[in-house]
Structures are given as C-alpha cells and as structure tokens.
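*Asks:* Handing you this structure, nothing more for now.
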Amino acid sequence: MEKNLGLTVLLGGSVAGKSREARRLANEYDRVLHITSEELISPDLPELLGRTEADVVLIDSLTVIVAQTLARLPEPDDHLAAVVRSIIECATDVIIVSNEVGSGVVPASPQGRRFRDLLGSSNQRLSRAADNVFLIVAGIPRCIKGGGLPLWS
C-alpha cells in the first residue's frame, strides 16, 4: 500500500469495524502517533501535531473527543473548531475515526441533539477537507471520497 494517505476519515456506526481498519492502515507505517482523547482536549494540540516526527497520526475517536469536550469545556464550539483545523492543517498523514450520526434517531434531549450536531458538523468539515473518506458498515468499507486505498484484506 502506498504510504501517503493524507487525511483519511473512517465513519460508521458503533462496532462497525472503523477502529480495526484504522489500526490496520496505521500499521503500514513505521512511526505512528496515537493521539488519545485527553490530548485532543488539550489546548496544546496544534503544537503536538506541528512537531510530531511520526509518519502517521491515528485519532480514535472524534466521537469521544466531542463527548468529552461537551462535558468539560465551557466553549465546546471554539475548541472543536480548533481541533478540526489542527487536524486538517497537520503536515503528516492523519487517520481519524468517527461515528456517523446523521442516519440515526433524533436524540430526545437537548444535550443529545447538541452532541449530534457538533459531531455531525465536525465530521462534515473533516470529510470536505479529507483526501479519503470511507463509510464502514458491518465491517465492509465503502469509499465515498478518494479511494485509492485497499481497506479490506
């Protein structure tokens, strides 16, 4: 596989196989920086992404980042916009996993709708900027943008 993914977004429902495919793609690289959700809530994220010497950055998952940001920060919109911008501007390849929330039931609570809206808009911004976007359903990746990658083995 060519080691030049650029920005690759893996979307899908819960337990769809997103993380497995992300790890498989990342394992093709020698140096992988696996960023945790704690690091993504940190205001130092742009610096972390800017100074990495890794060949690829693996972020699993944006879903958890949005949930933790909503729970911990008073201004989640600003922070999430900065996170997304940092990911898009990262000079190294990035693989990001996120749940697709646009096909489900409308959440009953205002907080649930807020979460869905923030995650959905973050997914949209990342996917528009991405080189490759895959929707993974029942363990089967479907290319929806880009697509020179063999995701299934």
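The values are calculated or read from the model by the stated rules, or taken from the named source; none is laboratory data. The structure displayed is predicted, hence computed values, not measured ones. A quick note on method: Cβ atoms are made from the backbone with ideal geometry, for glycine too, and the neighbour counts reach across all protein chains shown. We work out accessible area using only protein heavy atoms, side chains counted, and drop any ligands, DNA or RNA first. Shrake-Rupley method; radii C 1.70, N 1.55, O 1.52, S 1.80 Å.
*Asks:* Which of (1) surrounded by 14 or more Cβ atoms within 10 Å (Cβ to Cβ); (2) under 22 Å from GLY17 (Cα atoms); (3) in contact with a Leu (Cβ under 9 Å, 6 or more places away or on another chain) is the odd one out, the single condition GLY120 does not satisfy?
*Replies:* (3)
*Asks:* In the set ALA108, ALA138, ALA129, which member is at pLDDT 95 or above, open to solvent by 30 Å² or more (accessible area, probe 1.4 Å) and not hydroxyl-bearing (Ser, Thr, Tyr)?
*Replies:* Working: ALA108 fails: at pLDDT 95 or above; ALA138 fails: at pLDDT 95 or above.
The conditions single out ALA129.
*Asks:* Anything in the range 22-35 that is open to solvent by 10 Å² or more (accessible area, probe 1.4 Å) and not polar (S, T, N, Q)? List them, or say none. Spell out how you get there, then give the answer.
*Replies:* So the first thing to find is which residues in the range 22-35 are open to solvent by 10 Å² or more (accessible area, probe 1.4 Å), and the list is 23-24, 27-34.
ARG23, ARG24, GLU28, TYR29, ASP30, ARG31, VAL32, LEU33, HIS34, listed by residue number.
*Asks:* Against the definition (of a type in the set (Val, Ile, Thr) and either open to solvent by 30 Å² or more (accessible area, probe 1.4 Å) or without any contact (Cβ under 8 Å) to a residue 24 or more places away in the chain (or both)), how does THR69 come out, yes or no?
*Replies:* Details: of a type in the set (Val, Ile, Thr): yes; either open to solvent by 30 Å² or more (accessible area, probe 1.4 Å) or without any contact (Cβ under 8 Å) to a residue 24 or more places away in the chain (or both): no.
In short, no.
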